[in-house]
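In what follows, a structure is listed as structure tokens, so that the remarks can point back to it.
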Amino acid sequence: MQIVFIGPPGAGKGTQSLRLSDYLQIPILSTGDMLRAVCKQQTEVGKQAVQYMESGHLVPDHLVEKIVLDRMSESDCQGGCILDGFPRTIAQAVNLDAWLAERNCPLNVVIEIRVSEDVLLERLAVRGRQDDDHEIIRLRLKQYAKLTYPLIDYYEQFDLHKVIDGIGTADEVFDRLQGIVDSIECTKDR
Ligand code: AMP
């Protein structure tokens with residue numbers, strides 16, 4: 001199964017991806033984690049990405065796409081994967097679609113985790129990551145609204161978009177997620 005998670009920072013994509021990965025036994029590709037790793041290793045890409053990440057901007061499409069698509073080519077992703085944090089722009093989505101179409105394995109579902117801005121701000125304030133500083137959070141939310149939210153319309157046209165309420169305990173949110181994934185598995189089996 002090829003699954004994309006969409007949601008603003010603090011929506012719970014990371015927590016829910018972990019659970020879903022365990023449930024479906026497919027790997028998670030978190031672009032945030034992958035980018036933080038290359039920044040730490042100070043690779044060429046890492047050196048270019050770090051300035052964008054620290055300031056709350058999106059890393060340029062070509063840098064992120066290279067990292068994700070290389071990772072998706074590895075053997076453990078043959079049965080699908082969970083994309084947490086990718087795509088985040090329409091250009092990334094179009095290039096991902098083209099890449100998947102060439103391999104004849106289109107996306108199965110795009111799941112949006114929806115959480116109100118008040119709750120996001122509360123959650124991010126206690127998370128304490130370096131890019132969770134108040135001003136940077138505001139910028140990241142703005143970037144989400146401007147660059148990533150349009151993906152919802154983009155995926156609507158292919159009937160791939162599903163939304164779940166991200167408010168509640170991790171168990172409650174996962175129940176909603178499981179409902180969606182199970183219904184897709186059933187349709188696939190038919
Ligand atoms: P995250 O951990 O998903 O919140 O990502 C942390 C940061 O990594 C973001 O604020 C961006 O700077 C960068 N990033 C992660 N995924 C992407 C992506 N798909 N496109 C561009 N930048 C990204």
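The values are calculated or read from the model by the stated rules, or taken from the named source; none is laboratory data. Only a predicted model underlies this, so the values are computations on that prediction, with no experimental measurement involved. All Cβ positions, glycine included, derive from the backbone under ideal geometry; neighbour counts span all protein chains shown. For the accessible areas, the whole protein counts, side chains as well, though only heavy atoms, and no ligand, DNA or RNA atoms are used. Shrake-Rupley method; radii C 1.70, N 1.55, O 1.52, S 1.80 Å.
General observations
- Cα gyration tensor shape for the range 1-111, rounded if a/c is under 1.5, else prolate or oblate: prolate
- In straight-distance terms, cross-link reach from residue 142 covers every one of the lysines whose alpha-carbon lies under 19 Å from its own, apart from those fewer than eight places away in the same chain; here that gives 13.
- Judged by the gyration tensor of its Cα atoms, with axes a ≥ b ≥ c, the range 31-167 is oblate; a/c meets the 1.5 cut and b/c is at least as large as a/b.
- The residues neighbouring residue 153, those whose beta-carbon lies less than 13 Å from its own, together hold a net charge of -3 under the Lys/Arg +1, Asp/Glu -1 convention.
- Accessible carbon and sulfur surface of the chain relative to its total accessible area, %, 1.4 Å: 51 percent
- Prolate/oblate/rounded label for the range 97-186 (Cα gyration tensor, a/c 1.5): oblate
- Residue 122 contributes an accessible area of around 130 Å² to the protein surface, as traced by a 1.4 Å probe with all chains present.
- Note on residue 47: accessible area is roughly 110 Å² with a 1.4 Å probe, heavy atoms of protein only.
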